[in-house]
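Undergrad: To start, I am sharing the structure in question, which I have written as structure tokens.
The values are calculated or read from the model by the stated rules, or taken from the named source; none is laboratory data. For clarity, every value in this text was computed on a predicted model and none was experimentally measured. FYI the Cβ positions are ideal-geometry reconstructions off the backbone, even for glycines, and counts take in every protein chain you see. Keep in mind that these areas ignore ligands, DNA and RNA; they rest on the heavy atoms of the full protein, side chains included. Shrake-Rupley method; radii C 1.70, N 1.55, O 1.52, S 1.80 Å.
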Amino acid sequence: MALYLLHESASGYSLFQAHGIDEIGQNTEAVRNSVLDLTRFGKVVRFVAFQPFSSALDALNQCNAISEGLMTEELRNFLEINLPKAKEGKKAKFSLGVAEPKVGSQISETTKIPCQSNEFVLELLRGVRLHFDRFIKDLKPTDLEKAQLGLGHSYSRAKVKFNVNRVDNMVIQAIFLLDTLDKDINSFSMRVREWYSWHFPELVKIVNDNYLYAKVTKFVENKSDLCETHIPELADILGDEDKAKEIVEAAKASMGQDLSPIDLINVKQFAQRVMDLSEYRKKLYEYLVTKMNDIAPNLASLIGEVVGARLISHAGSLSNLAKCPSSTLQILGAEKALFRALKTRGNTPKYGLIFHSSFIGRASARNKGRMARYLANKCSIASRIDCFSEMNTTIFGEKLREQVEERLEFYDKGVAPRKNLDVMKDAIGSVLQKTSQSGDEENENKMEVDNGLDAASVKKSKKKKSKGEKVGDDPMEQDQSADAPNGDSPAAQESEKKKKKKKHKLAEEPNGANVVENEQDGTAKKKKKKPHEEEVDDANGKAATTEPKKKKKKQKKVDDDDDE
């Protein structure tokens, strides 16, 4: 059976035939030894056909298709043209060797060409790739290297292409930096407390907050200079006047030692650095909140921005988190405890990173495991909605949060929660309503723009007509302009008022809309349509006359019944 080899290069598709396999045998070791020698390998593999790519974009599309295991129309036509055709109802006397097994299965399904992908075929393709520029005469090695470099860059760029507003990598970096800043600020604040306590030890018990302690340290500097005039400024820093007075009183009777001016300057600079880090930490938290609302709004509204960001960073990306089942998401972050429990055959952990959620803390000790399992289920739903939905909405996250609240009440008070189907129906209905409202607003804006354009065109036409009336000097033209519907004569104004009254009357009648449209067409059309208007009036009159006849018949029947 003949063996053909399909090689996908950066410049195009190529087809080779392995015709001299008997010389080296079908042993992979023999093929590996013959690959390096071109004279020996050239006797084994023979060049059959080559189809270059039309452009760089075409090369990128073909590369994407091959990587996804798909066969394009270009590849199908290339194979059907260059491979020998098998007779109908009979097996093919050849096979096609491919590097990608998925592509081989796709080719065999669509074209019925038998494909194989094994170690022997891969070694042959390795030799083809090594000596590819020598098989094709017009192809230079530098051209092939340029094509490979350009295709590699474009392929990588296409794989990394994403929506800029939905980059989960930024969330991962932000939450890592936030955790690092928390540790650093805590350690630096402790260092400030320990350093300044040599000078003013009583301040540690009065001010507990690290940021406020650094701020007060920077303000006070030397405790001996502190007096009652500084109380308002201290009160502005601390937000409490009693604490400010307490600091001033403690400074007067402090047991701390005096520090040199150079030491105080260094303490002040270090306190300023701690303050700067604390302020940057606040800005970074705000940035994380905004990014989480863009990337995973439902997960953020369900479990919080920080816990949601930790889940995304631990999973690696939002798509990886969406692929995780709820049982994996439940113990995400407790892998060491899980494997230790499996090794020692102990109890497995009930929760991982989701323990930091407020729902787990609010649940009783008996129901913490149940609550963690239920919360992990809802988090997996929210992450999948955020990952695969194109709409950026928090409605589903809010509904899922309501479900978790109801489940908490069920565990505590026994109140039956709503069914998941009903909650999701409400969420979908509210999403559809929101989209329809946004669509209506867009249509209204378009209508306002169109009306503004129409009004501007009407004004322009009026200006042109008025200019034409001024320019015209003939009396006939002046008479015509006076008789026109836009003229200023009183007779024309009266006729316009009569027309408006007629329109109002006809609009109240059932067939008034058609008559109004006919009136707007002009005076000439009006005369033609008058008989139709009379017919309408006659029809209305007949309908009115039939009603009293019916009443008379009813009265006669009643009189006959009385006589009987």
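Undergrad: Mind listing which chymotrypsin sites (Phe, Trp or Tyr not before Pro) in the range 291-389 are in a DSSP loop and have 12 or fewer other Cβ atoms within 10 Å?
TA: Within the range 291-389, no chymotrypsin sites (Phe, Trp or Tyr not before Pro) qualify (loop, at most 12 other Cβ atoms within 10 Å).
Undergrad: Taking a ≥ b ≥ c as the square roots of the Cα gyration tensor eigenvalues, with a/c under 1.5 meaning rounded and otherwise prolate when a/b beats b/c, else oblate, which class fits the range 285-412?
TA: Since a/c reaches 1.5 but b/c is at least a/b, the shape of the range 285-412 is classed as oblate.
Undergrad: I'd like to check one number: the per residue accessible area of the range 1-113, probe 1.4 Å, reported in Å² as a whole number.
TA: Averaged over the residues of the range 1-113, the accessible area is 55 Å².
Undergrad: Could you give the length gained by full extension between E279 and D37, i.e. 0.36 nm per residue of separation minus their alpha carbon distance, to one decimal place?
TA: Gain in length upon complete extension: 80.4 nm.
Undergrad: I'd like the distance between the alpha-carbon centres of the range 110-125 and the range 169-231, rounded to an integer number of Å.
TA: Centre-to-centre distance over Cα atoms comes out at 69 Å.
Undergrad: Principal axis lengths of the range 121-259 from Cα atoms, whole Å, largest first?
TA: Reported extents, whole Å, longest axis first: 95, 32, 26.
Undergrad: Any idea how far apart I428 and E194 come out in nm if each label point goes 7 Å out from Cα toward Cβ?
TA: 6.1
Undergrad: Whole-Hz ³J(HN,Hα) for each residue in the range 46-63, computed from phi via Karplus 6.51 cos²θ - 1.76 cosθ + 1.60 with θ = phi - 60°, x for glycine and proline: what do you get?
TA: My calculation for the range 46-63 gives 10, 6, 10, 7, 8, 10, x, 6, 6, 7, 5, 5, 4, 4, 5, 5, 5, 5 Hz in order.
Undergrad: Let me ask something additional. How much area per residue is accessible in the range 167-257 when the probe is 1.4 Å and only protein heavy atoms are counted (Å²)?
TA: 55
Undergrad: Let me ask something additional. How would L332, L212 line up by accessible area, probe 1.4 Å, largest first?
TA: The residues order as L212, L332, largest area first.
Undergrad: For the full complex of protein chains and a 1.4 angstrom probe, list K91, K323 by accessible area with the highest value first.
TA: K91, K323
Undergrad: While we're looking at this one, here's another question. Please compare each pair in K183/K283; K282/K368; K215/K245; K343/K378 to a cut-off of 21 Å on the Cα-Cα distance and tell me which ones are over it.
TA: The pairs that break the limit, which is 21 Å between Cα atoms, are K282/K368; K343/K378.
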